[in-house]
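Below is one structure; the comments refer to it alone.
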Amino acid sequence: MLHVLEHPLAAHLITLLRDETTKPAHFRTLAYQVSLLLALEATRDLPVRSVEIRTPLESLQSPVLSQPLVIIPILRAGLGMVQPFTDLFPDVSVGYIGMERDHQTARPRSYYCKLPRLSGQRLLVVDPMLATGGSAVAALTAIKEQGGSDLRLLCIVSSPEGVSAVHASHPDVAIFTAAHDRGLDARKYILPGLGDFGDRLYGT
Ligand code: PRP
Ligand code: URA
């Protein structure tokens, strides 16, 4: 299942992210803002339970979140999407998966994996760019091998190739994206895309 954010503010923020004149400090703010919109969209169906509270006027049964969240950024660019989750959700833990695409082959290499307890948790994997899908597929496989099952993937920009690759290997994982782009170039960069997200985020 592919969910594309349909919101004029999301479209506005994506335009600024794509603009090559946007500097890293502004780019980081925009990444935060788009990720916040994605966070809201991907958590619409979080379970709640009722608790009894008193307002200044009366008592009532009122909902509170009932399932903790685990956010798993794919390093390094995924780090630019974490803060809205830790700002918004009271009960959140963060796991890390390090993946780096080889510049020649575009194949991912795993270099780090540190995950909290996964079973019974709602797991949100965040990586701003879904290009060939190699990094996301490998990360989702690693998470499932450690017991994760209730998984969603959130990316700021996706390609048709990346979405197909994730759907083929992990049909149970819904994908939330702010922009679904045209395709990949010969170097496996997304078109029109926004370039190398990690480099633009960190000014490298
Ligand atoms: C980027 C991006 C994804 C990956 C997407 O990371 O953040 O992880 O490429 O490409 P794919 O879908 O073809 O695998 P990169 O490997 O450049 O590393 P970085 O986050 O450290 O910059
Ligand atoms: N990684 C990026 O940062 N950008 C792309 O377009 C593809 C992979």
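We did not get these values from a lab; they are worked out from the coordinates using the rules stated. Everything quoted here is computed from the prediction, not taken from an experiment. Counting neighbours? That spans all protein chains shown, and the Cβs are built from the backbone with ideal geometry, glycine included.
Residues considered: Pro63, Pro192, Pro160. Largest GNM mean-square fluctuation over the chain, using C-alpha springs under 10 Å, is found at Pro63.
Stretching Gln104 away from Ser62 to a fully extended chain increases their span by 9.7 nm, per 0.36 nm per residue minus the current alpha-carbon distance.
Seen against the Cα atoms of the chain and their longest principal axis, helix 24-42 is set at about 50 degrees. When only the Cβ of Lys, Arg, Asp and Glu is charged (+1, +1, -1, -1), the dipole of the chain relative to its Cα centre reaches about 380 debye. Computed over the chain with a Gaussian network model linking Cα atoms closer than 10 Å, the most mobile of Leu123, Leu184, Leu88 is Leu88.
Taking amide H as placed 1.01 Å from N in the peptide plane, Arg122 has its amide H under 5 Å from the amide H of Val70, each at least 5 places away in sequence or on another chain.
In the range 2-202, the DSSP beta bridges split such that about 40 percent are antiparallel, to the nearest 5. Reducing the range 130-204 and the range 33-63 to their Cα centroids gives an inter-centroid distance of 29 Å. Based on C-alpha pairs under 8 angstrom that are at least 6 apart in sequence, the chain has a relative contact order of 23 percent. Of the trypsin sites (Lys or Arg not before Pro) found in the range 75-180, the ones in coil according to DSSP and having at most 13 other Cβ atoms within 10 Å of their Cβ are Arg117. Scalar couplings 3J(HN,Hα) for the range 191-204, obtained by applying the Karplus form with A = 6.51, B = -1.76, C = 1.60 to θ = phi - 60°, are 10, x, x, 8, x, 8, 4, x, 5, 6, 5, 10, x, 9 Hz; x denotes Gly and Pro. Of the GluC sites (Glu not before Pro) in the range 20-95, the ones in a loop by DSSP (not H, G, I, E or B) with at most 16 other beta carbons within 10 Å are Glu20, Glu58. Entry note, the chain: the mean residue ellipticity at 222 nm calculated from DSSP H runs of n ≥ 4, each adding -39500 (n - 2.57), is -9500 deg cm²/dmol after division by the residues and rounding to the nearest 500.
Counting only alpha carbon atoms, the long axis of helix 8-18 and the longest principal axis of the chain meet at about 40°. Shape verdict for the range 1-160, please, from the Cα gyration tensor: rounded (a/c under 1.5), prolate (a/b greater than b/c) or oblate. Oblate. Applied to the range 131-137, the Karplus parametrisation 6.51 cos²θ - 1.76 cosθ + 1.60 on θ = phi - 60° returns per-residue 3J(HN,Hα) values of 9, 6, x, x, 5, 5, 4 Hz, with x for Gly and Pro.
Each residue of the range 153-170 was assigned a 3J(HN,Hα) from its phi angle through the Karplus curve 6.51 cos²θ - 1.76 cosθ + 1.60 (θ = phi - 60°); the sequence is 10, 10, 9, 6, 10, 10, 10, x, 5, x, 4, 4, 5, 5, 4, 5, 8, 9 Hz, with glycine and proline shown as x.
Here Arg49 and Leu9 are evaluated by their C-beta separation; at R0 = 25 Å the FRET efficiency comes out at 0.20.
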